[in-house]
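Novice: Got a structure here, written out as structure tokens. Questions coming.
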Amino acid sequence: MRKLVAAGVVAAFAAFAAAPAAAQVVWKYSNWLPPTHPVTDGVTKVWAKQVEDATQGRVKIEVIAPLGGPPAHLDLVRNGVADVTNITTAYTAGRFVLLGGLEMPFMSDRNSAMSLAGQRTYDKFFKQANEFEGLKFGGIAMVGPYQIYTTKKAISAIEDFKGQKIREAGGVTKAVVEALGATPFFAPAPQTYDVLSKGVGDGVLFPPESIPGFKVTSAVKHGLHVPGGFNQAVQALIINEAKWKALSPVDQAAIEKLLGDHWSLLWGNLWDKTNAAAIEQMTKDGVSLKDASPEFLAEIRRRLAKIETDWIADAGKKNVDGKAALAYMREQVRALEKR
């Protein structure tokens, strides 16, 4: 009898040892940012490592070269060509109407405050509208404050915008350029150096970080800054819905802790540092950076006021109280700026 029991234990152990280990899930993160961009190492790869650690290696994220142009990334993830990425929501015209409210002019110079406030505003006011239908939404991060950088002409009065072709990213950035009296043209961020250096455009709406971040410094000579920026831009973390649903509940729970506020602050804290470093670097490289005069700023504010009014009307069409959402967003930003 003892021999039979022993034999059974040995057989069971042998079968367990021979059984294949649980397969590791590997997600492809299509990274459309340059490999040298601070976010690539400081956010994307850091977050990927956090996911692997949190799931004890069961989920691994492989950061790969982009599988398409920046505007294509929403569809790349939705269709399963890529598994996860961050997108500039303004690149998808007409889909993320509510998120445009987070991009309003003069919001804040602090990305960490903007990112977390944007996430909270999304959760409280926009989530129910399900603008990320068909995707697993991972988080909101804000990019900004957007300022105006030009290749030849310094902008010191509203009349100086006339005839200037300014690169925009869609959404609120396009509305800003039009309201200022300049001519907007669209180009994804990685193409900015080419269009400016070849004379296709005269300037760009960009956050300070993105001038050195996308190697644009040598193409611009002047910068016009306003408090809180001409606008902001939303980055969203998205995950293929089927790949998310295929995870075990344990791994989903582990990764959920790395989404939302966590991802927002990971991005926002890095962006604060890189914005400051970028302004210092541009100054060293001879880019002339000027703040708008009080009179000029007042005229800019007057011209851009309609952007907010129009967005509030658009939000109402989606049964969202846009005025309340913006008041909440600004309240959150002011509180977070004091941290």
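The values are calculated or read from the model by the stated rules, or taken from the named source; none is laboratory data. Keep in mind it's a predicted model, so treat the numbers as computed, not measured. Here the Cβ is made from the backbone with ideal geometry for all residues, glycine too, and neighbour counts use every protein chain on show.
Novice: Which of the following residues is in a loop (DSSP other than H, G, I, E, B), under 23 Å from residue 265 (Cα atoms) and either touching a helix residue (DSSP H, G or I) at 6+ places or on another chain (Cβ under 8 Å) or not acidic (Asp, Glu) (or both): 33, 67?
Specialist: Numbers: 67 fails: under 23 Å from residue 265 (Cα atoms).
Answer to the selection: 33.
Novice: Considering only residues of the range 251-269 that are over 19 Å from the mean Cα position of the chain (by Cα) and free of Cβ contacts under 8 Å to residues at least 60 places away in the same chain, which is surrounded by the most Cβ atoms within 10 Å (Cβ to Cβ)?
Specialist: If we take residues in the range 251-269 being over 19 Å from the mean Cα position of the chain (by Cα) and free of Cβ contacts under 8 Å to residues at least 60 places away in the same chain, then 252 is surrounded by the most Cβ atoms within 10 Å (Cβ to Cβ).
Novice: Does residue 45 satisfy the criteria of being of a type in the set (D, E, K, R), without any contact (Cβ under 8 Å) to a residue 60 or more places away in the chain and not in a strand (DSSP E or B)?
Specialist: Values: of a type in the set (D, E, K, R): yes; without any contact (Cβ under 8 Å) to a residue 60 or more places away in the chain: yes; not in a strand (DSSP E or B): yes.
Taking the combined requirement at face value, the residue satisfies it.
Novice: Let me ask you something else. Determine if the range 70-79 includes at least one residue that is assigned to a helix (DSSP H, G or I), touching a residue at least 12 places away in the same chain (Cβ under 8 Å) and of a type in the set (Val, Ile, Thr). Quick ask: steps written out before the conclusion?
Specialist: Our first condition is that a residue be assigned to a helix (DSSP H, G or I); within the range 70-79, this holds for 70-78.
Narrowing further to those that are touching a residue at least 12 places away in the same chain (Cβ under 8 Å): 70-71, 73-74, 76-78.
Then keep just the ones that are of a type in the set (Val, Ile, Thr); that gives 77.
Yes, because at least one residue in the range 70-79 is assigned to a helix (DSSP H, G or I), touching a residue at least 12 places away in the same chain (Cβ under 8 Å) and of a type in the set (Val, Ile, Thr).
Novice: Which condition does residue 234 not pass, out of (1) under 20 Å from the mean Cα position of the chain (by Cα); (2) surrounded by fewer than 22 Cβ atoms within 10 Å (Cβ to Cβ), if it passes all the others?
Specialist: So the condition that residue 234 fails would be (2).
Novice: Quick test of your reading of the structure: residue 284 fulfils all but one of (1) closer than 21 Å to residue 39 by Cβ; (2) without any contact (Cβ under 8 Å) to a residue 12 or more places away in the chain. Name the failing condition by number.
Specialist: Just one mismatch for residue 284, condition (1).
Novice: With the condition kept exactly as written, say whether any residue in the range 38-54 is at pLDDT below 95 and surrounded by 11 or more Cβ atoms within 10 Å (Cβ to Cβ). I'd like the intermediate steps shown before the answer.
Specialist: Initial filter on the range 38-54 (at pLDDT below 95): 38.
With the extra rule that they be surrounded by 11 or more Cβ atoms within 10 Å (Cβ to Cβ), the set shrinks to 38.
Checking the range 38-54: at least one residue is at pLDDT below 95 and surrounded by 11 or more Cβ atoms within 10 Å (Cβ to Cβ).
Quick grid of which residues meet (1) among the small types (Gly, Ala, Ser); (2) farther than 20 Å from residue 91 by Cβ:
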site: 156; (1), (2): yes, yes
site: 163; (1), (2): yes, yes
site: 169; (1), (2): yes, no
site: 172; (1), (2): no, no
site: 180; (1), (2): no, yes
site: 183; (1), (2): no, no
site: 188; (1), (2): no, no
site: 192; (1), (2): no, no
site: 212; (1), (2): no, yes
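Novice: Take the residues of the range 159-213 that are under 22 Å from the mean Cα position of the chain (by Cα), aliphatic (A, V, I, L, M) and assigned to a loop (DSSP other than H, G, I, E, B): which is surrounded by the fewest Cβ atoms within 10 Å (Cβ to Cβ)?
Specialist: 187
Novice: Please specify each residue of the range 117-147 satisfying the condition of being modelled with pLDDT under 95 and of a type in the set (Gly, Ala, Ser).
Specialist: Across the range 117-147, the qualifying residue is only 144.
Novice: Restricting to the range 99-129, name every residue that is touching a Phe, Trp or Tyr at 6+ places or on another chain (Cβ under 9 Å), assigned to a helix (DSSP H, G or I) and either surrounded by fewer than 23 Cβ atoms within 10 Å (Cβ to Cβ) or of a type in the set (Gly, Ala, Ser) (or both).
Specialist: 100, 101, 112, 115, 117, 120, 124, 125, 127
Novice: From the list 283, 309, 274, exactly one residue is assigned to a helix (DSSP H, G or I), among the polar types (S, T, N, Q), at negative phi and touching a Pro at 6+ places or on another chain (Cβ under 9 Å). Which is it? Can you show your working first?
Specialist: Details: 283 fails: touching a Pro at 6+ places or on another chain (Cβ under 9 Å); 309 fails: touching a Pro at 6+ places or on another chain (Cβ under 9 Å).
Of the residues listed, the single one that is assigned to a helix (DSSP H, G or I), among the polar types (S, T, N, Q), at negative phi and touching a Pro at 6+ places or on another chain (Cβ under 9 Å) is 274.
Novice: Which residue, of 285, 272, is under 30 Å from residue 50 (Cβ atoms), surrounded by 12 or more Cβ atoms within 10 Å (Cβ to Cβ) and charged (D, E, K, R)? Reasoning before the result, please.
Specialist: Details: 285 fails: under 30 Å from residue 50 (Cβ atoms).
Of the residues listed, the single one that is under 30 Å from residue 50 (Cβ atoms), surrounded by 12 or more Cβ atoms within 10 Å (Cβ to Cβ) and charged (D, E, K, R) is 272.
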